[in-house]
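See below for the structure under consideration.
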Amino acid sequence: ANGYYNSVWVKCIWSSHDLSDMVLIDNYIFNKDVVVQFNSTVGEFVGYTELGVKNAEAWNKDPNLLQQERAQVDAYCKHSAEIDQSTITDKS
């Protein structure tokens, strides 16, 4: 209770079965406030605090990091959604 709270929350958002509209949102949180966010629609990091802006600027200069984040839409989101959808379809 008397420490710092640091976490990363990844969200995959989509509204159709073909997954073409899927969006990855990667939130970097410190003490329950979003400091930096990667949104696959935007394609880069956005900072929401002074530290977050500095981190976003540095991370956006790294093409390898940006490529890794952008690839997570397919590698993480779409892969998981396909498994979820097949599980739901199999039970119908």
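Once R0 is set to 30 Å, what does the formula 1/(1 + (r/R0)^6) return for the Cβ-Cβ distance between residue 50 and residue 18, expressed as a FRET efficiency to the nearest 0.05? FRET efficiency, residue 50 to residue 18: 0.15. Under a model in which nothing but the beta-carbon of Lys, Arg (+1) and Asp, Glu (-1) is charged, the chain shows a dipole of about 200 debye around its Cα centre. Enter the angle in degrees (range 0 to 90, nearest 10) between the Cα long axis of helix 63-72 and the first principal axis of the Cα atoms of the chain, meaning the one along which they spread out most. Roughly 40 degrees between the two axes.
Surface composition of the chain: carbon and sulfur atoms hold 52% of the protein heavy-atom accessible area at a 1.4 Å probe. Stokes-Einstein, applied to the Kirkwood radius of the stretch 5-62 over Cα pairs at a viscosity of 1.002 mPa s and 20 °C, places its translational diffusion at 178 µm² s⁻¹.
Each peptide among 22-28, 9-15, 53-59 gets the average number of other Cβ atoms lying within 10 Å of its residues, and from highest to lowest they stand as 22-28, 53-59, 9-15.
The values are calculated or read from the model by the stated rules, or taken from the named source; none is laboratory data. Note that the structure is predicted; figures quoted are calculated from it, not measured. As a convention, Cβ positions derive from the backbone with ideal geometry for all residues, glycine included, and neighbour counts pool all protein chains shown. All accessible areas refer to the heavy atoms of the entire protein, side chains included, with ligands and DNA or RNA removed. Shrake-Rupley method; radii C 1.70, N 1.55, O 1.52, S 1.80 Å.
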